[in-house]
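Shown next, in structure tokens, is the structure this report addresses.
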Amino acid sequence: MSFAIAFVLVVLLLLVLAAVAARRRPSAHREARDAARGHLRNIAPRLPFALVAAECIGRLLPPEIVGAWMGSGTGLSGVLIASVVGAILPGGPMLAFPLAIALLRAGAGPEALIALITAWSLVAINRTLLFELPLLGTRFTGYRLAVCIPLPVIAGGCAGLLLTAAPG
Amino acid sequence: MSGPHGHTPPGEPRRRITRTTRFFVVLATASAGGLAWRDGAAGLLDALGDAGILLLLVTPVILAALLLGGYVQALLPYNRVARWLGPDSGWRGYGLAMLGGIVTPAGPFAVFPILLALRQAGAGFAVCVVYVTSWATLGAQRVLIWELPFLGFDFVALRLLASLALPVIAGLLAAVVAQRVSR
């Protein structure tokens with residue numbers, strides 16, 4: 001169901017941008033297609049394996065442990081554990097998000113999961129090592145990561161507060 | 001040209017592709033092996049079936065979103081963006097950086113070259129941190145491709161609401177240490 005909603009949203013935005021390109025700069029059509037094809041070549045061979053890995057890892061995770069460490073009742077400690085797990089989680093979104101549903105099914109609380117996704121999106125080890133470090137240097141990368149340390153906990157904490165303020 | 005990368009085609013060098021892909025192949029094989037060992041062939045087949053359904057559902061979204069990202073990449077006025085976020089852009093710079101992060105395509109292929117261009121155009125450390133934090137935590141393309149389909153609307157709404165202040169918090173912290181990040 002959510003897949004259909006996401007698809008419709010993306011296609012609508014796509015139509016808007018394609019219309020803008022048609023009016024302002026028709027050569028953008030070709031550039032957009034080439035860029036998309038380049039990204040697709042990277043993603044296509046990995047996607048099936050990533051989805052299989054996430055599904056299997058999710059089933060292998062013992063629900064008792066997930067629930068005890070990151071369950072809804074664990075509060076701040078769950079958020080902290082999830083932040084650490086997110087920060088060291090390797091792989092791109094095709095592993096992280098399927099794994100997130102697996103954790104949700106295994107009993108992780110939404111605030112812990114939000115901390116995990118935030119930490120993963122800010123640190124993403126592979127991305128940092130392959131792109132940020134070579135392009136922007138050690139100082140920039142180091143200070144950026146240092147500045148980001150409190151953010152997953154803030155996001156998880158805010159989510160917890162929002163959930164208590166308006167449950168459900 | 002389509003961006004700061006000039007003539008280089010988008011995407012990673014060949015060698016990295018195979019290395020990253022190999023990581024996923026090994027991970028999939030190991031976890032599938034572990035599952036088969038614990039739950040038997042039936043358990044593994046069930047998991048593979050679920051993964052297959054997920055693949056069918058997510059593929060059209062990914063295809064459309066990649067094309068969307070391509071259009072953003074092709075239409076974004078890089079030079080003007082670098083000027084808007086340059087030195088002394090102040091709070092307006094923070095706001096624009098946040099907005100820019102939201103619309104920048106999800107892959108690292110777009111965001112880091114832009115970040116480099118921003119630095120070279122004289123953008124301060126804090127503005128760069130606002131931009132990259134906004135891209136990481138609020139980026140629209142990743143929400144549309146991955147998060148909304150997999151985790152649903154309620155979760156996405158909760159996470160975005162809880163993350164709204166993160167780029168600004170990161171920017172303020174970055175402003176404190178900005179002097180130490182040599183330019």
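The values are calculated or read from the model by the stated rules, or taken from the named source; none is laboratory data. None of the values given here were measured: they were computed from a predicted structure. Quick reminder, even Gly has a Cβ in these numbers, built from the backbone with ideal geometry, and neighbours come from all protein chains shown.
Residue-wise test of (1) within 12 Å of another protein chain (Cβ to nearest Cβ); (2) more than 22 Å from B:L138 (Cα to Cα).
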site	(1), (2)
A:A68	no, yes
A:G71	no, yes
A:S83	no, no
A:S121	yes, no
A:V147	yes, no
A:V153	yes, no
A:C158	yes, no
For this session: Check the stretch A:86-99 and report whether any residue there is more than 11 Å from chain B (Cβ to nearest Cβ), buried (at least 18 other Cβ atoms within 10 Å of the Cβ), assigned to a helix (DSSP H, G or I) and among the hydrophobic types (A, V, I, L, M, F, W, C).
Result: yes
Seminar exercise, completed: Picking from A:I154, A:I125, the residue that is more than 30 Å from B:T21 (Cβ to Cβ), out of contact with any helix residue (DSSP H, G or I) (no Cβ under 6 Å at 6 or more places or on another chain) and surrounded by fewer than 23 Cβ atoms within 10 Å (Cβ to Cβ) would be A:I154
Problem set entry | Scope the stretch A:20-38; condition surrounded by fewer than 16 Cβ atoms within 10 Å (Cβ to Cβ) and touching a Leu at 6+ places or on another chain (Cβ under 9 Å); matching residues | A:V20, A:R24, A:R25, A:R33, A:R37
Exercise. In the stretch B:133-160, what residues are over 20 Å from B:Y71 (Cα atoms) and among the β-branched types (V, I, T)?
Worked result: B:T133, B:T137, B:V156
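Each row is one residue, and each column tells you yes or no for (1) at pLDDT 85 or above; (2) surrounded by 22 or more Cβ atoms within 10 Å (Cβ to Cβ); (3) closer than 17 Å to A:L122 by Cα; (4) aromatic (F, W, Y).
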{"residue": "B:V111", "(1), (2), (3), (4)": "no, yes, yes, no"}
{"residue": "B:L118", "(1), (2), (3), (4)": "no, yes, no, no"}
{"residue": "B:A121", "(1), (2), (3), (4)": "no, no, no, no"}
{"residue": "B:F125", "(1), (2), (3), (4)": "yes, yes, yes, yes"}
{"residue": "B:I145", "(1), (2), (3), (4)": "no, yes, no, no"}
{"residue": "B:G152", "(1), (2), (3), (4)": "yes, no, no, no"}
Exercise. Helices (runs of 4 or more DSSP H) wholly in the stretch A:1-83 with at least 3 residues that are of a type in the set (K, R) and closer than 28 Å to B:L54 by Cα - which ones?
Worked result: A:27-43
Exercise. Only one of (1) surrounded by 19 or more Cβ atoms within 10 Å (Cβ to Cβ); (2) within 30 Å of A:S27 (Cβ to Cβ); (3) assigned by TED's automatic domain parsing to the domain that holds B:A140 fails for B:A65. Which number is that?
Worked result: (3)
For this session: Hey, can you tell me all the residues within the stretch A:26-51 that are at the interface with chain B (Cβ under 7 Å from one of its Cβ atoms), free of Cβ contacts under 8 Å to residues at least 24 places away in the same chain and in contact with a helix residue (DSSP H, G or I) (Cβ under 7 Å, 6 or more places away or on another chain)?
Result: A:A28, A:E31, A:A32, A:R33, A:A35, A:A36, A:H39, A:L40, A:N42, A:P45, A:P48, A:F49
For this session: Test A:R127 against the criterion of being under 18 Å from the mean Cα position of the chain (by Cα), among the basic types (K, R) and in a helix (DSSP H, G or I), and give yes or no.
Result: yes
Exercise. So is B:R22 at pLDDT 75 or above, within 22 Å of the chain's Cα centre (by Cα), surrounded by fewer than 18 Cβ atoms within 10 Å (Cβ to Cβ) and not assigned by TED's automatic domain parsing to the domain that holds B:V103 or not?
Worked result: yes
Exercise. Are any residues in the stretch B:26-53 within 26 Å of the chain's Cα centre (by Cα) and β-branched (V, I, T), and if so, which ones?
Worked result: B:V26, B:I53
Exercise. Among (1) in a helix (DSSP H, G or I); (2) surrounded by 24 or more Cβ atoms within 10 Å (Cβ to Cβ), which single condition is A:A108 missing?
Worked result: (1)
Exercise. Can you tell me which residues in the stretch B:157-183 are facing another protein chain (nearest Cβ under 7 Å) and surrounded by 15 or more Cβ atoms within 10 Å (Cβ to Cβ)?
Worked result: B:L158, B:R159, B:A162, B:S163, B:L166, B:I169, B:A170, B:L173, B:A174, B:V177, B:V181
Exercise. Which of the residues that make up the stretch B:90-109 are buried (at least 20 other Cβ atoms within 10 Å of the Cβ) and more than 10 Å from chain A (Cβ to nearest Cβ)?
Worked result: B:G93, B:Y94, B:A97, B:M98, B:G100, B:G101, B:T104
For this session: Could you figure out which of (1) charged (D, E, K, R); (2) without any contact (Cβ under 8 Å) to a residue 40 or more places away in the chain; (3) touching an Asp or Glu at 6+ places or on another chain (Cβ under 8 Å) isn't true of A:E132?
Result: (3)
